[in-house]
Amino acid sequence: MTKARILALTSTAAALSLALAGCASDGAAPSALASTAVADSALNSGSAASATEAMARTGLPATIDNFMLADTDYIGHELFRMSDAKAIVIVTHANGCPIVRNLAPALRELTAKYEGKGVEFLMLNSANQDGMAAIAAEKAEYGFNVPILKDANQLVGEQLGVTRTAEFIVVDPKTWKITYRGPLDDRLDYGTQKAVATHTWAADAIDATLAGRPAMAANKPSPGCLVDFPARTQTAQISYAKDVAPILEAKCVACHVEGGIGPFAMTSYDMVKGFSPMIREVIRTDRMPPWNVDAHVGKFADDKSLSAAEIKTVVHWIEQGAPRGDGPDPLAKKRPAVAQWPLGKPDLILEIPTYTIPASGVVDYQRPIMLNPLTEGKWVKASSFVVNQRQAVHHFLTGYMNEIPKDGVGNESRWGASMGGYAVGAESTLWPKNVGTFLPPGGAIGVQAHYTPFGKEVTDTSLLGLYFYKDGEKPDLVMRNSVIVDPTISIPPGAARHKETAYVEFPKEALLYSAFPHAHYRGYASDLWIEYPGGERKRLLAMPRYDFNWQREYTFAEPVKVPAGSRLIANYWYDNSTQNPANPDPKKHVVWGDQSWEEMFYTAIRYRWIDETSARLTDYDDQMNRTRMLGMLDDNLDGKLQKAELRGEMGQRISQFFAMIDKNQDGELDRAELAAMQAMMGRRREQAAQPSPTAQTPVARPAAQVPATGGRAGGGR
């Protein structure tokens, strides 16, 4: 029998021993299926798996590279953002492994021991067979109390040289050196199970790391279950010309072109090779391409992300040394000039007011306006931008305003329907066939303009082109815009993952076309759910790591059916801690505001009402707005308001009259009571707007300010 075979059998015996002993100590029978799976995994892998394991352990890394992975709640965790931790502990995980399952009580004890001492605990699941929902179910069943990160592309596990579960990897964030890797302790040793550990290796290593001294046992094999990493056995060289360059051309070159917003142009192999370490890093941390929704939740049109296969191809090619190989260089070929207006000449061309971008520094968001010259209304079917300074323009967003603002500022709170937007790779917006947005005559179109200095001063003179349905081609269907918004957000100082929730309720059946999440510097993560009338919920979009630098609308590949009575629920998480490198002041209590150092909760949505036509417009938007206040304040989603939910200026005003509004005196405000309150507020506003009989100037007592609901995306400068 080979040495590798003996090792495999020994590992199996150890796994089964721990499973039996651990389950017995918890008063439960071991899972025969799980134990058999472990045995099969080790026995069937034979010498090949053991040889691969030995090969991986021979080249174990001394340090850990940065990464960003989502946990089972689709909240992102970036390693290097934990640089203020005193130690980081990563425990390898896979569903169904009895060794891991029996770690749950011990892991709870370990995390309790180091609570408040600056130690971050994470679990890492690199098992190909485990999906996010299954991991979440196992996490709940066995009571794991730390985030489990899904390493779907296995890049993190590969870099760490992981071969087995139940391995504790202790990291010193000051140097990112791995100070220890191995089992929790020595209770499991050569197929026998001790009642009490003689050596607490993981805890000793954590203590040593906290004290700034080397761990006594720096590297010991783990007794856990084998994890399959197919790429480790693939030795074929990846082709730059055939495999890598086509991916870059399809997903990267639109930004990384001469004059583009990318920091370098992918014009040749030499350029890509020179930047290959950076390319690997931004892919591992999910910063590039700038498509921030999780690929495992929802399907989207014009998806700019890299597929799992593309990610692994590019990263593995770089890890092979980024070889040139044979074949012509696809990136070096001459590219044809792009037409100024790819959709053809627009029916109306508007000039975005010129703006001079400085050579360096940070430019506040600009909010110019463009006067609408139309003397009669038109139905818009498409829009497109010609960007003059592509290297400096990050994005444009637009919204129609019925009145020309006296201050000349196109603030988003004044917007109605969107006239389209620009982001690199998405210069044009096409409405679905036979669907349009009405542009009335007069008024103005507001612009949110994000400019980024790139080393020299330039002046931007960009254009917006609008395409109309021709006379006699009036669309049958109407595109609508609204927002899920919460101006009552309140983020405590130092909070690392502060959560806020809001929703809108659809009074009639609709089709949801897109969503556009927006927050400011402290925005960390966001998602969007639909809750059907029966109470069932489905996650439509997940953004594990929100990035303020990239504003994008996500259009569903197929419009989402929204039955009457459904709610669209948005959640936002904010990072007001020192771990957030963009945080202007972690000691500040943060509330809603237009400025970037304040915050927003603002998910813009595009939809249409199923039974609305251009010939028969409805008041469904008004009906939806009647329940908007409830959706802003109802944090526990029970359809009522309790006093504890009344926050911010709006909440304080309601709280003052809570007893008066609560007609049935049940301690809660229901829909009917809120509707009566809003009707009363409306009458008071009308009365306040009437001229005073004793004064020339009317005196108004405005209700709490609520942002307009027709906008496309929130602001922030």
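The values are calculated or read from the model by the stated rules, or taken from the named source; none is laboratory data. Treat the numbers as computed from the prediction; the structure is a model and nothing was measured. Positions of Cβ are backbone-derived with ideal geometry, glycine not excepted, and every protein chain shown enters the neighbour counts.
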Inset, instruction - Answer yes if at least one residue in the stretch 274-296 is surrounded by 16 or more Cβ atoms within 10 Å (Cβ to Cβ), in contact with a His (Cβ under 7 Å, 6 or more places away or on another chain), modelled with pLDDT of 95 or more and not assigned by TED's automatic domain parsing to the domain that holds Lys177, and no otherwise. - result: no
Legend entry - Among the residues listed as Thr398, Thr429, Thr356, the single one being polar (S, T, N, Q) and closer than 25 Å to Cys252 by Cβ: Thr429
Inset, instruction - Considering only the stretch 69-92, state which residues are touching a Ser or Thr at 6+ places or on another chain (Cβ under 6 Å) and crowded, with 24+ Cβ neighbours inside 10 Å. - result: Ala87, Thr92
Legend entry - Residue check, Ala265 assigned by TED's automatic domain parsing to the domain that holds Gln159 and either in a loop (DSSP other than H, G, I, E, B) or crowded, with 19+ Cβ neighbours inside 10 Å (or both): no
Legend entry - Condition broken by Arg616, with the remaining ones in (1) in the same structural domain as Ile491 (by TED's automatic domain parsing); (2) surrounded by 13 or more Cβ atoms within 10 Å (Cβ to Cβ); (3) farther than 30 Å from Ala519 by Cβ satisfied: (2)
Inset, instruction - Examine the stretch 683-699 for a residue that is modelled with pLDDT under 95, more than 28 Å from the chain's Cα centre (by Cα) and surrounded by 15 or more Cβ atoms within 10 Å (Cβ to Cβ), and state whether such a residue exists. - result: no
Inset, instruction - Mind listing just one residue for me: the one in the stretch 59-88 that is charged (D, E, K, R) and part of a strand (DSSP E or B) and, of those, nearest to Met288 (Cα to Cα)? - result: Glu78
Legend entry - Check on Ala557, within 21 Å of Asn625 (Cβ to Cβ) and of a type outside the set (Phe, Trp, Tyr): no
Inset, instruction - Look at Pro368 and say whether it is in the same structural domain as Glu412 (by TED's automatic domain parsing), under 30 Å from the mean Cα position of the chain (by Cα), of a type outside the set (D, E, K, R) and at pLDDT 95 or above. - result: yes
Legend entry - Neighbours by Cβ (under 6 Å, 6+ apart or cross-chain): first from the stretch 349-367, basic (Lys, Arg); second part of a loop (DSSP other than H, G, I, E, B): Arg367/Val409; Arg367/Gly410; Arg367/Asn411
Legend entry - Qualifying residues in the stretch 653-669 (those that are in contact with a Lys or Arg (Cβ under 8 Å, 6 or more places away or on another chain) and either polar (S, T, N, Q) or loosely packed, with under 13 Cβ neighbours inside 10 Å (or both)) - the one farthest from Pro487 (Cα to Cα): Gly667
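Considering only the stretch 207-221, state which residues are out of contact with any helix residue (DSSP H, G or I) (no Cβ under 8 Å at 6 or more places or on another chain), assigned to a loop (DSSP other than H, G, I, E, B) and either not basic (Lys, Arg) or not assigned by TED's automatic domain parsing to the domain that holds Thr63 (or both). Let's see the steps before the verdict.
Let us first name the residues in the stretch 207-221 that are out of contact with any helix residue (DSSP H, G or I) (no Cβ under 8 Å at 6 or more places or on another chain), namely 207-213, 219.
Keeping just the survivors that are assigned to a loop (DSSP other than H, G, I, E, B) gives 212-213.
Gly212, the sole residue that qualifies.
Residue by residue, here is whether (1) of a type in the set (Gly, Ala, Ser); (2) modelled with pLDDT of 95 or more; (3) surrounded by fewer than 23 Cβ atoms within 10 Å (Cβ to Cβ) holds:
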position	(1), (2), (3)
Ile489	no, yes, no
Gly494	yes, yes, yes
Arg497	no, yes, yes
Phe506	no, yes, no
Leu511	no, yes, yes
Ala515	yes, yes, no
Ala519	yes, no, no
Arg522	no, yes, no
Leu528	no, yes, no
Inset, instruction - Scan the stretch 257-273 for residues that are at pLDDT 90 or above, of a type in the set (A, V, I, L, M) and closer than 21 Å to Val338 by Cβ and jot them down. - result: Ala265, Met266, Met271
Inset, instruction - Determine the pairs where a residue that is closer than 12 Å to Lys273 by Cα and aromatic (Phe, Trp, Tyr), located within the stretch 317-329, has a partner that is modelled with pLDDT of 95 or more and in a loop (DSSP other than H, G, I, E, B) with Cβ atoms under 7 Å apart, the partner being 6 or more residues away or on another chain. - result: Trp317/Ile238
Legend entry - All positions within the stretch 468-508 that are more than 22 Å from the chain's Cα centre (by Cα), within 17 Å of Leu630 (Cα to Cα) and among the charged types (D, E, K, R): Glu505
Legend entry - Count of residues meeting criterion [part of a helix (DSSP H, G or I) and in contact (Cβ under 8 Å) with a residue 60 or more places away in the chain] in the stretch 598-629: 7
Legend entry - Matching residues, the stretch 645-678, being polar (S, T, N, Q) and part of a loop (DSSP other than H, G, I, E, B): Asn664, Gln665
Inset, instruction - For the stretch 174-189, state whether one or more residues are in contact with a Gly (Cβ under 6 Å, 6 or more places away or on another chain) and among the hydrophobic types (A, V, I, L, M, F, W, C). - result: no
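Could you check the stretch 370-380 and list, in sequence order, the residues that are farther than 20 Å from Ala604 by Cβ and crowded, with 18+ Cβ neighbours inside 10 Å?
Initial filter on the stretch 370-380 (farther than 20 Å from Ala604 by Cβ): 371-379.
Hits for the stretch 370-380 are Asn372, Lys378, Trp379.
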Inset, instruction - Determine if the stretch 300-307 includes at least one residue that is farther than 21 Å from Tyr74 by Cβ, crowded, with 17+ Cβ neighbours inside 10 Å and not acidic (Asp, Glu). - result: no
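With respect to Tyr554, determine if the residue is crowded, with 18+ Cβ neighbours inside 10 Å, under 22 Å from Trp592 (Cβ atoms), touching a residue at least 24 places away in the same chain (Cβ under 8 Å) and of a type outside the set (S, T, N, Q).
Working: crowded, with 18+ Cβ neighbours inside 10 Å: yes; under 22 Å from Trp592 (Cβ atoms): no; touching a residue at least 24 places away in the same chain (Cβ under 8 Å): yes; of a type outside the set (S, T, N, Q): yes.
For Tyr554, the condition - crowded, with 18+ Cβ neighbours inside 10 Å, under 22 Å from Trp592 (Cβ atoms), touching a residue at least 24 places away in the same chain (Cβ under 8 Å) and of a type outside the set (S, T, N, Q) - is not met.
May I ask you to list the residues in the stretch 136-178 that are among the hydroxyl-bearing types (Ser, Thr, Tyr) and crowded, with 20+ Cβ neighbours inside 10 Å?
Here is the first cut: in the stretch 136-178, the residues among the hydroxyl-bearing types (Ser, Thr, Tyr) are 142, 163, 165, 175.
Thr163, Thr165 - these are the residues of the stretch 136-178 that are among the hydroxyl-bearing types (Ser, Thr, Tyr) and crowded, with 20+ Cβ neighbours inside 10 Å.
Having 3 or more residues that are closer than 19 Å to Arg480 by Cα and touching a strand residue (DSSP E or B) at 6+ places or on another chain (Cβ under 9 Å) is the bar; report the strands (runs of 3 or more DSSP E) wholly within the stretch 361-450 that clear it.
Numbers: elements: 369-371, 378-386, 393-401, 421-423, 428-430, 435-439.
Ranges flagged: 378-386, 393-401, 428-430, 435-439.
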Legend entry - Selection within the stretch 140-166 - part of a strand (DSSP E or B) and in contact with a Ser or Thr (Cβ under 7 Å, 6 or more places away or on another chain): Ile148, Arg164
Legend entry - Filter result for the condition that a residue is within 30 Å of Asp364 (Cα to Cα) and part of a strand (DSSP E or B), over Val560, Val591: Val591
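Can you give me the number of residues within the stretch 230-252 that are part of a loop (DSSP other than H, G, I, E, B) and surrounded by fewer than 19 Cβ atoms within 10 Å (Cβ to Cβ)? Working first, answer last.
Of the residues in the stretch 230-252, the ones part of a loop (DSSP other than H, G, I, E, B) are 234-239, 252.
Next, from what is left, pick out any that are surrounded by fewer than 19 Cβ atoms within 10 Å (Cβ to Cβ): 234-237, 239.
Number satisfying all stated conditions: 5.
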Legend entry - Options Met419, Met401: the member that is at pLDDT 90 or above, within 28 Å of the chain's Cα centre (by Cα) and buried (at least 19 other Cβ atoms within 10 Å of the Cβ): Met419
Legend entry - All positions within the stretch 494-537 that are among the basic types (Lys, Arg), more than 19 Å from Ile605 (Cβ to Cβ) and in a strand (DSSP E or B): Lys499
